[in-house]
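All remarks here apply to the structure that follows.
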Amino acid sequence: MQKQKKVLGEERRQFILSVLKDASKPITGSELAKRTNVSRQIIVNDVTLLKARSEPIIATSQGYMYLQASATESVEKTIACQHTPDEAEAELNIIVDHGVTVKDVTIEHLVYGDLAASIMVSNRKDVEQFIKKITSTGAAYLSELTEGVHLHTLVAAKEEQINEAEIALKQAGFLLDHCDIRG
């Protein structure tokens with residue numbers, strides 16, 4: 001059996017861009033590494049170089065995504081929430097059940113200022129994979145640094161979807177209004 005040839009340097013970075021642009025779902029670094037016969041760390045370095053060239057690549061808990069310019073109009077809104085780590089899955093499911101994508105989470109850290117992480121969950125399967133990754137790696141939620149207070153950027157096709165998600169979050173006790181921060 002013949003050993004697969006490594007894809008080198010710029011050719012590999014162009015291949016990564018091509019794969020990510022054509023993908024309809026996130027692609028893991030391990031998958032890209034397997035397809036180019038290099039280590040996952042080399043892929044991480046390549047993606048960093050591509051981001052430095054202003055390529056709109058984001059890393060999500062499900063893998064890398066190339067942010068395509070949307071052909072359809074979408075609405076984006078930032079909301080403030082607070083809950084315990086055990087309630088994260090319920091919060092995310094409420095949002096995606098209204099057809100809304102959770103783009104990211106942001107906290108305001110006392111030392112580092114705003115810390116943000118891409119989430120990009122759009123359905124219950126995405127949420128399940130995100131929660132599973134947090135659990136299996138023993139990682140902490142960013143909101144654990146701020147007594148559960150955090151922001152989410154939400155994206156939807158229609159403003160009504162976000163409004164309905166906000167109502168449901170308020171009913172569940174997750175949405176913050178003005179200054180009703182617990183803790």
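The values are calculated or read from the model by the stated rules, or taken from the named source; none is laboratory data. This structure is a prediction, so every number in the text was calculated from the model and none was measured. Every residue, glycine among them, receives a Cβ derived from its backbone with ideal geometry; neighbour counts consider all protein chains shown. Calculation scope for accessible area: heavy atoms of the full protein, side chains included, ligands and nucleic acids excluded. Shrake-Rupley method; radii C 1.70, N 1.55, O 1.52, S 1.80 Å.
When the stretch 89-102 is filtered for residues that are of a type outside the set (Val, Ile, Thr), open to solvent by less than 60 Å² (accessible area, probe 1.4 Å) and over 17 Å from Lys170 (Cβ atoms), only Gly99 remains. Against the conditions (1) surrounded by 15 or more Cβ atoms within 10 Å (Cβ to Cβ); (2) within 29 Å of Lys21 (Cβ to Cβ); (3) among the polar types (S, T, N, Q), Thr78 satisfies every one except (1). Put simply, of Ser24, Ser54 the only residue that is closer than 30 Å to Glu160 by Cβ and open to solvent by 90 Å² or more (accessible area, probe 1.4 Å) is Ser24. None of Asp177, Asp126, Asp114 is within 27 Å of Met65 (Cα to Cα) and either in contact with a helix residue (DSSP H, G or I) (Cβ under 8 Å, 6 or more places away or on another chain) or of a type in the set (Lys, Arg) (or both) except Asp126. Condition check: more than 19 Å from Ala168 (Cα to Cα), open to solvent by 70 Å² or more (accessible area, probe 1.4 Å) and without any contact (Cβ under 8 Å) to a residue 40 or more places away in the chain. Does Lys125 satisfy that? It is true that Lys125 is more than 19 Å from Ala168 (Cα to Cα), open to solvent by 70 Å² or more (accessible area, probe 1.4 Å) and without any contact (Cβ under 8 Å) to a residue 40 or more places away in the chain.
Counting only helices (runs of 4 or more DSSP H) that fall entirely inside the stretch 85-174 and contain at least 1 residues that are more than 14 Å from the chain's Cα centre (by Cα) and among the acidic types (Asp, Glu), the qualifying elements are 88-96, 159-172.
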